[in-house]
Amino acid sequence: MAASAQSIQYVEARKTWLLTTHDSSYAMAVGADGALRNLYWGAPLWRADDLPAAAPRRDVSSFDPRQMLENEEFPGWGGPRYYEPALKITREDGGRDLVLRYVSHRMQNNELDISLKDINDPVEVVLHYRVYPENGIIVRSATIRNATAHAFTINSAQSATWNLPPGEGYRLTYLSGRWAAETQINREPIHEGQKVIESRKGHTSHNFNPWFAIDPGDAGEEHGRVWFGALAWSGNWRITVEQTPYRQVRVTGGMNSFDFAYRLQPGETLDTPQFFAGFSADGFGGASRLLHRFVREKILPGGLTSRTRAVLYNSWEATTFNVTQAGQQALAEKAAKLGVELFVMDDGWFGKRNNDRAGLGDWFVNPQKFPQGLKPLIDTVNGLNMDFGLWVEPEMINADSDLYRVHPDWVINFPGRPRSELRNQMILNLARDDVKEYIFGVLDKLASENNIRYFKWDMNRSFTEPGWPEAGAADEQKLWVAYVRNLYDIIDRLRARHPKLEIESCSGGGGRVDLGILQRVDEVWTSDNTEAFDRLRIQEGFSQAYPAKIMSAWVTDVPNQNGRSTPLAYRFLVAMQGALGVGANLNKWTDADSALATKMIALYKRIRPTVQLGDLYRLLSPREGDVTANQYVAADGKQSVVFAFRHSQEYNTAAPAIRLRGLEEKALYKVEAIDNKLMDRQPQLSGAYLMRAGLNLNLRGDFDSTAVILERVQ
Ligand code: DGJ
């Protein structure tokens, strides 16, 4: 019998649901006691009738109650449950016991809502499930509702608990880092106890990214079972991975319960962030490709209809704060000659912004630097056939600003306590609606009065002293949530008012990269570290969760971070693996540099749809060996591009043959080298040969690189 076309099957007799995508199935059922339990998560099933009833387990001992062995979908903190709860509350009378039971459900197309309620009072939770059958993704979130007559405070509000098939030997893969060293890959065994990745910094943060992958200990880049998930939240988040003493691995994620207290009045609700998850039988590479496709098609604004990312120039590393009309115009003229399509003026154009000690908050054009406003520069840029982009950092304020002199109360603060300044700046309290409206007004005005195609939205510090005195003691911790909601609201309204406006999310590099912000921006600044060799690893980590299309990558001058110098071709090829930009001081470039850049940008435009919209195969990792290789295969299979980099050759050793992936065995491909480093001289090669024998590249010395383009001929 063929697999059912239905993405959600329901068996009334056993109150069982089977959610199925192209790549995975997920099942749960209501037990005789009314608890909702997970039954299955893994490779696709097609028959809901195969699933067992959610039978209750027996207590093992008075210390090992049955509840600890049952895989509840959304456990409240109550009764004998000692693992990480999905929901914890405190009632006005101090009562904290919460035991959730099934009430009803609603199914429509690919969506399922299951309502739960506490055994005593109407503390209600609606669990939302949505299946994306073609993408292999399921999303979960929860709405918590106070249907009681009294207020209660939520102490922990998670989006979902994901239970893995019982067993041991699992490994966790996650991304950690710091400023200029984001998205470093960690892979470690899961042992009993908890592993927490989180942000307590108010934004997504450089330190951990809200993504995980779990495998049974034997998956590789292209083989083996991998369960993965990503949270859509740009504030304080937390993902807890725990193995119970009963060999059960559970992943619980949502808003961070640290410093969390969210009071719900009768009738009020709280929605938790969306937690997307999937399963791949094709290793970490397969998991990434599922997420990449999903992000491009279902997360990013415009989805498949949005345009590929333009090649941009950004002035930051060339000029820092020293921007002037003449200086920017000169750079724009040089950038246009290279083939740049979007010219972005970075920090320094507004208020008294000559350094990082002043100006944030005063979003009016600096009259000394731009005596006639932005129009002459924008006209020049547009006249050169480029769009114009502008840097803003709307959430921030310097003490030395007109705005702070008028509105010191707009800053996040605890009265009477120090207001920590980081990079000499404080944070405006976006949770306040007056502040939100002010910021929206500033940006709306800028976008209305100028031909701005693109905002680079920066955020250069984390939260401290997160006080909101006007909200009152019982509600001021709502700031963690209200801030993010209002940030999202500003961006959503801006986009609605200016449909052509594009936005880059930057937070001192990659401090705000998650599926929540990606639902409303077009690309992200991956890292302030633009040094090409470091970038290989940052980009490898980034690509675990996020597609090349949104991975902004600039070619900058050397020496850069670490004092390292790499050849210009190497820097281009590294950056061409994402959304290409140039951030160098073009005034210092030689004619030879400009000629190479022009050639590379033209090449990039030819392969751009393949890189930005194709499937990524990470062939050789920069964490292993001295050769890194990545391959992109176009969605229609007609073009493929291979990028290869050598760190440092030793003992005259030849680079290993690079075996490709994702091609048609029987097809023939025209092989085109961009230089003389391809040793295979046959003009055409079969898919079988390319995938089994591989390409031989003459990569020598330090920081050598090349690219090979394959065009399918039959
Ligand atoms: C941090 C960003 O990551 C940089 O690209 C640049 O925009 C600076 N801020 C400007 O202050």
Rounded to the nearest 20 debye, dipole of the range 563-679 from Cβ charges on Lys, Arg, Asp, Glu:
180 debye
Principal axes of the range 441-541: Cα extent on each, largest first, Å
50, 34, 20
Compute the Cα gyration tensor for the chain, then decide on rounded, prolate or oblate, letting a ≥ b ≥ c be the square roots of its eigenvalues: rounded whenever a/c is under 1.5, prolate when a/b is larger than b/c in the other cases, and oblate in all that remain.
oblate
What area, in nm² and to one decimal, does the C-alpha convex hull of the range 79-152 cast on average over all directions?
6.0 nm²
Can you pull the one-decimal nm distance between simple spin-label points at E437 and D59, each 7 Å off the Cα toward Cβ?
5.8 nm
1.4 Å probe accessible area per residue over the range 552-695, in Å²
43 Å²
Checking the a/c ratio against 1.5 first, then a/b against b/c, what shape does the Cα gyration tensor give for the range 291-416?
oblate
For the range 26-82, accessible area per residue (1.4 Å probe, heavy atoms of protein chains only), Å²
46 Å²
Residue (of S176, V381, A667) at the positive-pole extreme of the chain, dipole from beta-carbon charges
A667
Potential extension, D489-N322 segment - 0.36 nm per residue separation minus Cα distance
56.9 nm
The extension gain from D675 to R419, computed as 0.36 nm times the residue separation minus the Cα-Cα distance, is 86.6 nm
Any idea what the dipole of the chain comes to, in debye rounded to 20, about its Cα centre with Lys/Arg Cβ at +1 and Asp/Glu Cβ at -1?
1020 debye
Reference-scaled alpha-carbon Rg (2.2 N^0.38 Å with N residues) for the range 656-702
1.15
So, for the range 138-252, what is the accessible surface per residue at a probe of 1.4 Å, expressed in square angstrom?
30 Å²
Report the per residue volume, in Å³, of the convex hull enclosing the C-alpha atoms of the range 194-247.
100 Å³
Are there trypsin sites (Lys or Arg not before Pro) in the range 282-357 that DSSP marks as loop and that have at most 14 other Cβ atoms within 10 Å, and which are they?
R307
Mind listing which chymotrypsin sites (Phe, Trp or Tyr not before Pro) in the range 574-683 are in a DSSP loop and have 14 or fewer other Cβ atoms within 10 Å?
Y651
One finds, for H150 and T305 with R0 = 60 angstrom and r their Cβ-Cβ distance, a FRET efficiency to the nearest 0.05 of 0.80
Between R101 and N585, what length comes free when the chain is fully extended (0.36 nm per residue of separation minus the Cα-Cα distance, one decimal in nm)?
168.0 nm
Just tell me the longest site-free run in the chain, where the sites are GluC sites (Glu not before Pro) in a DSSP loop having at most 11 other beta-carbon atoms within 10 Å.
1-623
Could you grab the relative contact order for the range 472-602? Cα pairs under 8 Å, six or more apart, rounded to a whole percent.
18 percent
Restricting to lysines and to Cα separations under 25 Å from K201, and discarding same-chain partners fewer than 8 apart, the set is K88, K436, K456, K478
Expressed in µm² per second, the diffusion coefficient of the range 76-117 from the Stokes-Einstein equation, with Rh the Kirkwood radius over alpha carbon pairs, at 20 °C and 1.002 mPa s, is 177 µm²/s
Among G701, I8, G687, whose Cα sits farthest toward the positive end of the charge dipole of the chain (+1 at Cβ of Lys/Arg, -1 at Cβ of Asp/Glu, about the Cα centre)?
G687
Taking the dipole about the Cα centre of the chain, with the C-beta of Lys and Arg at +1 and of Asp and Glu at -1, give me whichever of N562, I490, T628 is farthest to the positive side.
T628
Please give the charge dipole size of the range 109-246, origin at the Cα centre, charges +1 on K and R Cβ atoms and -1 on D and E Cβ atoms. Round to the nearest 20 debye.
440 debye
Carbon + sulfur, % of accessible area of the range 15-68 - ligands and nucleic acids excluded, 1.4 Å
52 percent
What is the spin-label model distance, in nm, from E192 to D444 if the labels are put 7 Å beyond Cα along the C-beta direction?
5.8 nm
Using alpha carbon coordinates only, what is the Rg to Rh ratio of the range 37-163, with Rh defined as the Kirkwood radius?
0.99
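The values are calculated or read from the model by the stated rules, or taken from the named source; none is laboratory data. Remember, it's a predicted structure, so these values are computed and weren't measured experimentally. Here the Cβ is made from the backbone with ideal geometry for all residues, glycine too, and neighbour counts use every protein chain on show. Each accessible area value is taken on the protein alone, full model and side chains, heavy atoms only, with ligands, DNA and RNA left out. Shrake-Rupley method; radii C 1.70, N 1.55, O 1.52, S 1.80 Å.
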